[in-house]
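To keep things clear, I will list the structure first and then write my remarks on it.
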Amino acid sequence: MLTRRTLLLFTVASAGAFALGPTLRPAVAWGQATSGGTEQISQASEFVKRTGNQLIDIINEPGSMAEKQKLIAPIIDKAVDVDAIAQFCLGRYWRVATPEQQQAYKQLFHSVLVNSISGKLGEYTGVRFTMGKSVARDDGVVVSTTIQRPNNAPTAVDWVISMASGSPKIVDTIAEGTSLRLTQRDDYTSYLAHNNNNVQALIDALKRQISG
Amino acid sequence: MRRRLPLAACRLAGLVVGLGWAGLGLAACTSQSGSPSGIANAAGAADFEQNNDPLEPSNRVVYAVNDALDTAVLAPLARGYRAVVPAPVRNGVHNILSNLSNPVVLSNDIMEAKPRRAGDTFMRMLINSTVGIGGIMDVASKWGYPAHESDFGITLALWGVDSGPFLYLPVLGPSNPRDAAGFGADIALDPFTYVSGGAWTIFGYTRYGVTAVDTRERLLGEISSIKKTALDPYATFRSLYDQHRAQVIDTVRHDNRSTPPSWYPQPAPATGEPSDAH
């Protein structure tokens, strides 16, 4: 009786494990130090710390929002792999776009992203941040930080750092579980799906956004 | 949208709407189990699968209605609240509301079988209701018992219930059958639901009204920047909601801290302590 129940449980459990297998695999890859190992992890974490401190020094200084944004933009420009994010955000439409469209889109995306980040950061004051742990993932290193602002609950922000270009670059930020590039891609691909899958429509919309 | 907007004009109506929509969603879910019609290519079908939004056309209608309501009523109220009431008072109001929600949070912590989280919530109730003067001040956070999210939608997820398709609910906003059912269950779990009559009824409505305005006020900046920068705000809110819920559920699932509190002697952690950067 007991053995039959154990066997039944085992069968159910292994069937469950089989069904879960494919979904579990990425989670395992997350925890492993894949390419590069500990040196890359500490390099990425140092990079986040350095860039964060640079930004915070500007943010917490007295000065107008416009002045701050002007100082922040070049730092973002250098620290972020804008082209990689641009390509990611277009999703499957990247391959559909003509080389000219790709080029035009990349340039527009660049101003959209740098404007939006420096615009947002320029509004902040009295920011503090603490470094958390860093974990290697197959597309880079994820560096966790906690950002504190007056009158706001502490926000957990993870930075995905890629070494693909040789030097560490930010390819994504994940604020309280929401990924910047994933949200942006969902926005763009949905817009395209509702505009006859026409990449030109997206380019025109981005143009309007920048001028507007 | 960081958090589900917990606004209910009426508790019972909320419950009925929540459960009604949950039923509708489940019905639609089973009828949509085949391959989606009207999508010509494989890539489009992949997008369809990923968005998990077979009810998108009707969801967008509800979104448009909610958005109009928000623009006409809730957002102006939230802006007025911010303009008239000073920040320290608003924080006090927020803390009181958060303290009032603790019984529901505690019930869910327990049903999620997370003793340390339940302990945190219990200590928050105890400390903030007394030292924090009826919840006005969040002393517990400073004493090492920070607030966390917990609701019956999360509990159901930990029990293995699938979210079902994305749903945009009237008034309540982004959700899914699981979280909508969770919303209804949370009302049933709330001890304040069962005290009514006279001042208590007024208290109940006031609490829901103030919660709506408080939540909206906290999201004023974020929502207006999404509406300004997103090309498809509906898709952006959907993406943010799904990602945020997945992350919260993941956090709860992996929060297996032991029960002894921080002041009790514990073995040193194996990994290095996080260092202060600034």
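The values are calculated or read from the model by the stated rules, or taken from the named source; none is laboratory data. Quick caveat, the model's predicted, so the values are computed rather than measured. Cβ coordinates were reconstructed from backbone atoms using ideal geometry, including for glycine residues, and neighbour counts include every protein chain displayed. Note: areas computed on protein heavy atoms with side chains; ligands, DNA, RNA excluded. Shrake-Rupley method; radii C 1.70, N 1.55, O 1.52, S 1.80 Å.
Considering only alpha-carbon pairs that sit under 8 angstrom and 6 or more positions apart, the relative contact order computed for region B:53-253 is 27 percent.
Shape of region B:185-261 from the C-alpha gyration tensor: oblate (a/c of 1.5 or more and a/b not above b/c, with a ≥ b ≥ c the square roots of its eigenvalues). Inter-label distance, A:Asp57 to B:Glu49: 4.9 nm, where each label sits 7 Å from its Cα along the C-beta direction. Solvent exposure of region B:53-253 amounts to 42 Å² per residue of accessible area, where only protein heavy atoms count and the probe is 1.4 Å.
Placing a pseudo-label 7 Å from each Cα along the Cα-to-Cβ vector at B:Ala113 and A:Thr146 gives an inter-label distance of 2.8 nm. Using only side-chain charges placed at the Cβ, +1 for Lys and Arg and -1 for Asp and Glu, the dipole size of region B:99-178 relative to its Cα centre rounds to 160 debye. The mean number of Cβ atoms from other chains found within 10 Å of a Cβ in peptide A:174-180 is 6, as a whole number. Chain B contacts chain A over a buried accessible area of about 2400 Å², both sides summed; the probe is 1.4 Å and only protein chains count. Each of the peptides B:56-64, A:111-119 was scored by the mean count of other Cβ atoms within 10 Å over its residues; in descending order, highest first, they stand as A:111-119, B:56-64. Summarising the overall dimensions of region B:53-253 from its C-alpha atoms, the Rg and Dmax are 17.6, 50 angstrom. The simple Förster model, with R0 at 51 Å and r as the Cβ-Cβ distance, assigns A:Glu100 and B:Val84 a FRET efficiency of 0.45. First measure r as the distance between the Cβ atoms of B:Ala68 and B:Ala246, then evaluate 1/(1 + (r/R0)^6) with R0 = 41 Å and state the FRET efficiency to the nearest 0.05. Approximately 0.90, to the nearest 0.05. Cross-link reach is defined here as a Cα-Cα straight distance under 14 Å, omitting same-chain residues fewer than 8 places apart; for A:Lys106 the aspartates and glutamates meeting it are A:Asp77, A:Asp81, A:Asp83, A:Asp204.
Note that region A:49-170 presents 50 Å² accessible area per residue, ligands and nucleic acids not counted, probe 1.4 Å. Summing Cβ point charges (Lys, Arg +1; Asp, Glu -1) relative to the Cα centre of region B:53-253 gives a dipole of roughly 520 debye. Per-residue mean of foreign Cβ neighbours for B:237-244 is 6 (Cβ atoms of other chains, 10 Å radius).
Highest mean first, the peptides A:143-149, B:128-134 sorted by other C-beta atoms within 10 Å per residue fall in the order A:143-149, B:128-134.
Strictly over 29 Å apart at the Cα level, which of B:Lys142/B:Lys227; A:Lys70/B:Lys142; A:Lys133/A:Lys169; A:Lys133/B:Lys114; A:Lys120/A:Lys207 would you flag in this model? With Cα atoms farther than 29 Å apart: B:Lys142/B:Lys227; A:Lys70/B:Lys142.
What aspartates and glutamates could a cross-link reach from B:Lys228, if we take a straight Cα to Cα line under 13 Å and drop same-chain neighbours fewer than 8 places away? Answer for B:Lys228, where 13 Å is the Cα cut-off: A:Asp187, listed by chain and number.
Reported to the nearest whole Å, the Cα centre-to-centre distance from region A:32-100 to region B:99-134 is 39.
With the cut-off at 1.5 for a/c, could you classify region B:106-219 from its C-alpha gyration tensor as rounded, prolate or oblate? Note, shape of region B:106-219 comes out oblate. Karplus-based coupling profile of region A:77-88, in residue order and whole Hz: 3, 7, 7, 9, 7, 4, 4, 5, 5, 4, 5, 4, with θ = phi - 60° in 6.51 cos²θ - 1.76 cosθ + 1.60 and x standing for Gly or Pro. Accessible surface of region B:53-253, 1.4 Å probe: 71 percent of it comes from carbon and sulfur atoms.
Remark: mean inter-chain Cβ contacts per residue of A:126-133 equal 3, using a 10 Å Cβ-Cβ cutoff to other protein chain atoms.
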